[in-house]
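Values quoted throughout were computed directly from the atomic coordinates according to the rules given, and no laboratory measurement underlies them. If you're wondering where the values come from, they're calculated on a predicted model, not measured in any experiment. In this analysis, Cβ positions are derived from the backbone assuming ideal geometry, glycine residues included, and neighbour counts consider all displayed protein chains.
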Amino acid sequence: LRAGVPLTTASDGHRLADVADRAPDLRRWLWAAGVRELCGFRGRVPRPVPLAHPEGTGR
């Protein structure tokens, strides 16, 4: 974070049931580490994606 390197996440789901498994945990861990934005891609073009507060309060 201090170096300004964009972060992205990905699911390692090998079955449909595993896709986004534990996403709420990941959101809490990222938020606790100070992450407020992830890097997403559309058409291989990076774009910022705000990370919502894990409790849904928008803090």
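Observations, loosely collected:
- Only helices enter the 222 nm calculation for the chain: every DSSP H run of n ≥ 4 contributes -39,500 (n - 2.57), and dividing by all residues gives -5000 deg cm²/dmol, rounded to 500.
- When you filter the trypsin sites (Lys or Arg not before Pro) in region 1-38 for DSSP loop state and at most 14 other Cβ atoms inside 10 Å of their Cβ, you are left with 2, 15, 22, 36.
- 3J(HN,Hα) along region 33-41: 7, x, 6, 10, 8, 10, 10, x, 10 Hz, from the Karplus curve 6.51 cos²θ - 1.76 cosθ + 1.60 with θ = phi - 60°, whole Hz, x for Gly and Pro.
- Taking 26, 38, 16 as the candidate residues, the one with maximal mean-square fluctuation in a Gaussian network model of the chain, Cα springs under 10 Å, is 16.
- Shown in residue order for region 6-18 are the 3J(HN,Hα) couplings computed by the Karplus curve 6.51 cos²θ - 1.76 cosθ + 1.60 at θ = phi - 60°: x, 10, 9, 10, 8, 7, 9, x, 9, 10, 3, 5, 8 Hz (x for Gly and Pro).
- Dipole magnitude of the chain, debye to nearest 20 (Cβ charges: Lys/Arg +1, Asp/Glu -1, about Cα centre): 260
- Between residue 51 and 37, 38, the built amide H atoms are under 5 Å apart, and every one of these is 5 or more places off in sequence or on another chain.
- Close amide-amide hydrogen proximity is noted between residue 7 and 39, each under 5 Å apart and 5 or more residues distant or on a separate chain (H modeled in the peptide plane; Pro and chain starts excluded).
- Vicinal HN-Hα couplings computed from phi for region 43-48 (Karplus, 6.51 cos²θ - 1.76 cosθ + 1.60; Hz; Gly/Pro x): x, 6, 9, x, 8, x
- Spacing of the two label points (7 Å from each Cα toward its C-beta) at residue 16 and residue 44, in nm: 2.9
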